[in-house]
Structures are given as structure tokens and as C-alpha cells.
1. For the chain, what is the Kirkwood hydrodynamic radius in Å, using each pair of distinct C-alpha atoms?
2. For the chain, what does the helix formula give at 222 nm: sum of -39500 (n - 2.57) over DSSP H segments with n ≥ 4, over the residue count, nearest 500 deg cm²/dmol?
3. Taking only C-alpha pairs under 8 Å that are 6+ residues apart, what is the relative contact order of the chain in percent?
4. Starting from the Cα-Cα distance between residue 268 and residue 101, subtract it from 0.36 nm times their residue separation and give me the gain in nm to one decimal.
5. Working from Cα positions, state the angle (0 to 90°, nearest 10) between the long axis of helix 144-157 and the longest principal axis of the chain.
6. Compute the angle between helix 244-260 and the longest alpha-carbon principal axis of the chain, please, reported from 0 to 90 degrees and rounded to the nearest 10.
7. Under a point spin-label approximation (7 Å from Cα along Cα-to-Cβ), what is the residue 300-residue 335 distance to one decimal in nm?
8. How long is the gain from residue 218 to residue 232 if the chain were fully straight, where each residue apart is worth 0.36 nm and the alpha carbon distance is subtracted?
Ligand code: AVI
């Protein structure tokens, strides 16, 4: 069986090339507001993304942005990661949502515009739309392909909800005011999956401030964040016994080969995932197994034996440290729900 597309992951790098149409109409069920539309905004062009990818490889240490993980193979591997015994975040967050959905929904405005950041296939949104009586669903994703999948799924299931897709790169400042103003309903920004952890705290603060600026007095943020916990639990989640996360990490070298005309050999690199307690983050690296020279387009990059390429940071927060970040970003009246082990936290935050 083909796995469902993963949700709340950055878009496949290959999707970035095709997303610059000003407005794509989407075939949908007839609805009072017309067929769902996809608005395209602030999607960085492919050439500048690839230039940044190439420049990162020549830095010391070399870096590859985690957004390049998600080609078709990377998406399939990420779906498999979410099912792994060791990878607790997906199922822990889902259990918190299932257990406390009623209580969480009561903290959210009724009749809201539900803004799903990094919506992917939209599946994490659907269980919320009825409990909050959502009138409008806004899927935000860098990939119009994901938006089409989620709009298709949503319009079929919720004929009374207006569906809009916004293709934008929200590592850039969010600009959703215009599309939000088309409805007087308050906004609920939904950002599950601890995707906020893939930003540095400074970048996360910028994103959270930008979300805050989009909320009127009645708007809310509903966000999931992975907790700090014992090193062995964290490291196993990012270095599983079956080697799925290793394959996910190594696959990015194939993406680089394809996108930059490089000749990385994944067999000559090793996956490494370590918890850095000072920075409060898991670091994923690809470590050169030997001294080697790799061709990148017309250039060459030498790697020493043991030299690491940084591919991902995944920051972990305590309920306290994430509350502090939310307050810095201009939120107050925080409420949070955790699982019994306090491994994962779900926050509802209102503008201060
Ligand atoms: C998408 N993101 C929240 C995942 C995480 O846990 O940081 C990506 C991931 N990397 C390795 N495993 C999962």
C-alpha cells in the first residue's frame, strides 16, 4: 500500500521549481464562495535556493538545509519515521490531541479561520474543524502539490467550510493579512508536529512574532513542541535500530547530486544524531567515512576523514522554556497540555 503523504513537513525540493503561478484555480465542489483557490506568495525562486544549497556545502562546517530532505523518497522515509517505535513525537502529540481535544477546543474561538502552517496533506487539521466550528480553512505550504491534495481531501469532507491554499515559504516573513481579511472570523494558527524545533530559537521567535502580528484580539495559536528528555530517548528517536532515519539523512546527498550535479556517494558518509545539551537540540550530521573529494558542479570539495556536514537541528523545549519564548513573541494567557511523561507539549497562546 502506498503510504499517505506526510504532513507538516517542508515541501519536496523538486516542488519548488513549479510554484510561481500567480493564482491557480482548483477544481472543487461547487460552494457559495466558488472553487477553492491557491494563492502563491513569497516562494523563493529555485535558482536562489540552489545557490544557497551550494554555498552551504563550501562552508566549514558544511551545511545542507533540512528543507532538501523532502523529495519523494525523503517524504516516504519521513512517513516511515513517524511510524517508528523510537520516534515518539508523532504519536505522543496525537494522543494529547485525542485526550484533550474538547478542553483545547474550548480555549479556541468558535467559527474560526483555521490556518494550518505547513499543512501537507491536511490530515492533522480535519479532527479539529467540527469541534471549533471552523468556517474557513487556510492551508499554508510551500508546495502547491500538497495544497491541491489537502484542498481535495478537505472540500470532500467539509462541504460547509471554505477552503483556501496559500503557497508560501514561511521561513520568510508571513504575509497572510490580505487573505485573512477576506473573512471577519478570528484566526487560529495551527502549527503541530514540533516543526518549530527545526528553527533556531532566534528564527522561531521571528516566526512566532509574525504569527502574533496576524492575530486580532480573538485569534489564537495552537502549537505542538517536543520536550527535553533523557539523552538516550532523544538519540534513539533520531538514530533508530532499523536505520530509517539514517536512510532519510543520507538521501539528502542524492537530492544534492540531482540538484547540483554533484557526485556524493552516500556509502562514504555515516549518519550521526547527537543531543547537544547546551544548545538543547538534536544535531543530525553526515560524517565522511574517509578523506575524499566530491565534485559539486564544476567545483570540488574536499572532506577530511571524520568531517561532518550539518543537516538538521531539532530543538527541544521544556514547558517553561517554550512559555518564555511565546511570551517574548508577544503571547500571554498560555495554556498547555502534556502527556503523562511530559515528553511533548501542546500550547494554546493568546495575544498578550
Ligand atoms: C519535521 N521535524 C519536526 C522532524 C524532527 O523531529 O525534527 C524531522 C525529523 N528529522 C529526523 N527525524 C525526524
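1. With all distinct Cα pairs of the chain included, I get 20.9 Å.
2. Working: 10 runs with 112 residues, N = 352.
Estimated from H runs of four or more residues: -9500 deg cm²/dmol.
3. On the way: 725 pairs, mean separation 68.6, N = 352.
This gives 19 percent for the chain.
4. Details: separation 167, 0.36 × 167 = 60.12 nm, distance 4.65 nm.
Contour length minus Cα-Cα distance gives 55.5 nm.
5. The angle comes out near 40 degrees.
6. Tilt relative to the chain: about 80 degrees.
7. Computed distance between label sites residue 300 and residue 335 equals 6.3 nm.
8. 0.9 nm
Bear in mind that the values in this text are calculations on the coordinates, not laboratory data. Here the structure is a predicted model, which means the values were calculated and not measured. Cβ sites come from the backbone with ideal geometry, for glycine too, and all protein chains shown count toward neighbours.
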